[in-house]
Amino acid sequence: MIPLSARPLGNTGIRVSPLGLGTVKIGRDQGLKYPNRFKLPSDHEIRALFEEAKTLGINFIDTAPAYGTSEEKIGKLLLDRQDWIISTKVGEEFSAGESEFDFSGAHTRESVERSLRRLKTDYLDLVLIHSDGNDLDILEHTDCLDSLLRLKEEGLIRAVGMSTKTVEGGKRALALSDIAMVTYNSSHTEGSPVIDLARRTGKAIIVKKALNSGRIAREPGGNELALEFVLNKAGVSSVIVGTINPLHLRSNAIAVANFQAEGSSNPAPG
């Protein structure tokens, strides 16, 4: 297959592969909603997954402090940092099987500085607020975003935004920041107005749960159709799919590459 071609991430000046690698499964195996159980991969398996991703033209990797040891493993095992676009998050912590949230400015800065250490990098490409569902309250009544914007001014972050859970929150995130991450798939299209707004304003959209947490894969040709559905939506920059199976990663990349080769009706965002 021809490696995936990067596309603009809104007006950030960053280019990302249309398929990004989600990494929750490399660092956390508790409290997740996937239909099938799995065990955490070894360092050797993670390194092979990253190598396969790079071969396929995937340059975009998504992590978070709430993903257990994901950040540490990426920092330890990901080679050629300069070739990757790394997105992490702030606001949610996961320990002892439960999530806790802190959107204070102090915690936001501490979280970013910790992510820099864990990921062994001196900058973060993207940092998103990991919403607890109260998107508007977080954006308008905490200093989390203000803290991220200051860190961006300091050169530690290239672009900021929010992983949202509501349409109103997605729209507000686009008004105040660079990026909104939204849930969007064939059975969950409520985020469509947010994507439409991003397209009109030049902001960036990253899609999560395009495969409905693995449930779509149970249907014949489900993943291919699901990825085409999402990437055919004008305004979508990239879709994050979490996997620890190189064969699944390749299958998804081939589906996206075939879709690109056929000529998407989705004009490149940005």
Taking 239-247, 78-86 and ranking on average Cβ neighbours within 10 Å, highest first, one gets 239-247, 78-86
A 1.4 Å probe over the protein heavy atoms gives the chain a carbon and sulfur accessible-area percentage of 48
Mean Cβ-within-10 Å packing, highest first, puts peptides 189-199, 99-109 in the order 189-199, 99-109
Counting only DSSP beta bridges fully inside segment 77-200, the antiparallel percentage to nearest 5 is 30
Treating only Lys and Arg (+1) and Asp and Glu (-1) as charged, each at its beta carbon, one finds that the chain has a dipole about its Cα centre, in Debye to the nearest 20, of 600
The aspartates and glutamates whose Cα lies under 13 Å from the Cα of residue 39, excluding any fewer than 8 residues away in the same chain, are 29
Contact order relative to length for segment 1-128, counting C-alpha pairs under 8 Å separated by 6 or more residues, stands in percent at 24
Note on the chain: contact order normalised by length, alpha-carbon pairs under 8 Å, 6 or more apart, percent, works out to 22
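Can you tell me which of 119-125, 91-97, 57-63, 39-45 comes out highest on packing, and rank the rest after it, using the mean Cβ neighbours within 10 Å?
57-63, 119-125, 91-97, 39-45
Given Cβ point charges of +1 (Lys, Arg) and -1 (Asp, Glu) and nothing else, what value in debye, to the nearest 20, does the dipole of segment 25-109 about its Cα centre take?
Values: 12 positive and 15 negative charges, 33 e Å.
Rounded to the nearest 20 debye, it is 160 debye.
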For the chain, the helices passing both cut-offs (Cα extent along own axis of 15 Å or more, Kyte-Doolittle mean at least -1.0, full DSSP H runs) are 43-55, 246-262
In units of 2.2 N^0.38 Å, the Cα radius of gyration of segment 1-50 is 1.53
The answer for the chain, accessible area per residue at 1.4 Å probe in Å², is 44
When the charge dipole of segment 1-155 is computed with +1 at the Cβ of Lys and Arg and -1 at the Cβ of Asp and Glu, the Cα pointing farthest to the positive end, of 86, 44, 97, is that of 44
Calculated from DSSP helices alone, with each H run of at least 4 adding -39500 (n - 2.57) and the total divided by the residues of the chain, [θ]222 nm to the nearest 500 comes to -11500 deg cm²/dmol
For the pair residue 251 and residue 81, the simple spin-label estimate (label points 7 Å beyond Cα toward Cβ) gives in nm 3.5
Here the relative contact order (percent) of segment 151-199, from C-alpha pairs under 8 Å and at least 6 apart, is 31
Shape call for segment 1-149, from the Cα gyration tensor axes a ≥ b ≥ c (a/c under 1.5 means rounded, otherwise prolate when a/b beats b/c, else oblate), comes out oblate
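The values are calculated or read from the model by the stated rules, or taken from the named source; none is laboratory data. Being a predicted model, the structure only gives us computed values, none of them experimental. Here Cβ is always computed from backbone atoms with ideal geometry, including for glycine, and neighbour counts include all displayed protein chains. When the accessible area is computed, the model is the full protein with side chains, heavy atoms only, and any ligands, DNA or RNA have been set aside. Shrake-Rupley method; radii C 1.70, N 1.55, O 1.52, S 1.80 Å.
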